[in-house]
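Below is one structure, written out as structure tokens; comments come after it.
The values are calculated or read from the model by the stated rules, or taken from the named source; none is laboratory data. Keep in mind it's a predicted model, so treat the numbers as computed, not measured. Here Cβ is always computed from backbone atoms with ideal geometry, including for glycine, and neighbour counts include all displayed protein chains.
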């Protein structure tokens, strides 16, 4: 079975990308960058690392990019892209991969499409500005 992605909005709208006739062609989930803090002592080679001074390391939001292609030629590909944009663009979305369905990412979604030359090469790109940690139903978090 090919990888599929479930997008959840407001815990009510739960749709798989295959429901739109889309298949995942690529994705990029980068680890979040750590928020570091170094204090350099003037006129010396000494530098103090205060990153974990108040507890655990904090992280910035992580970018996630998913690329989808149409599984089969569609006579009206713009209808699918409009539906995706109206459902997900600018919304807070939970992103869950079928292969790791216990864990999800949460972030603000933006919908983009590439130039449409022919019916077999249309691409839809979903970008997320996600929280640094992925979560599960038990409330556990991990990178």
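The single condition among (1) within 19 Å of residue 105 (Cβ to Cβ); (2) surrounded by 12 or more Cβ atoms within 10 Å (Cβ to Cβ); (3) at pLDDT 90 or above that residue 52 does not meet is (1). Exactly one residue out of 74, 24 is more than 22 Å from residue 139 (Cα to Cα), in contact with a helix residue (DSSP H, G or I) (Cβ under 8 Å, 6 or more places away or on another chain) and either at pLDDT 90 or above or in a strand (DSSP E or B) (or both), and it is 24. Scanning segment 3-21 for residues that are at pLDDT 85 or above and part of a strand (DSSP E or B) turns up 5, 6, 7, 8, 9, 16.
Residue count for segment 91-127 satisfying the condition of being modelled with pLDDT of 90 or more and surrounded by fewer than 11 Cβ atoms within 10 Å (Cβ to Cβ): 0. Looking at this structure, is residue 140 surrounded by 12 or more Cβ atoms within 10 Å (Cβ to Cβ), over 21 Å from residue 27 (Cβ atoms) and without any contact (Cβ under 8 Å) to a residue 12 or more places away in the chain? Here the answer is no, as residue 140 does not meet what is asked.
In segment 11-32, the residues that are on the phi > 0 side of the Ramachandran plot and free of Cβ contacts under 8 Å to residues at least 12 places away in the same chain form no Cβ pair under 6 Å with any partner that is surrounded by fewer than 15 Cβ atoms within 10 Å (Cβ to Cβ) and not in a loop (DSSP other than H, G, I, E, B), whether six or more places apart or across chains.
Yes/no per residue for (1) touching a helix residue (DSSP H, G or I) at 6+ places or on another chain (Cβ under 6 Å); (2) in contact (Cβ under 8 Å) with a residue 12 or more places away in the chain; (3) assigned to a strand (DSSP E or B):
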| site | (1), (2), (3) |
| --- | --- |
| 39 | no, no, yes |
| 45 | no, no, no |
| 94 | no, yes, yes |
| 107 | no, yes, yes |
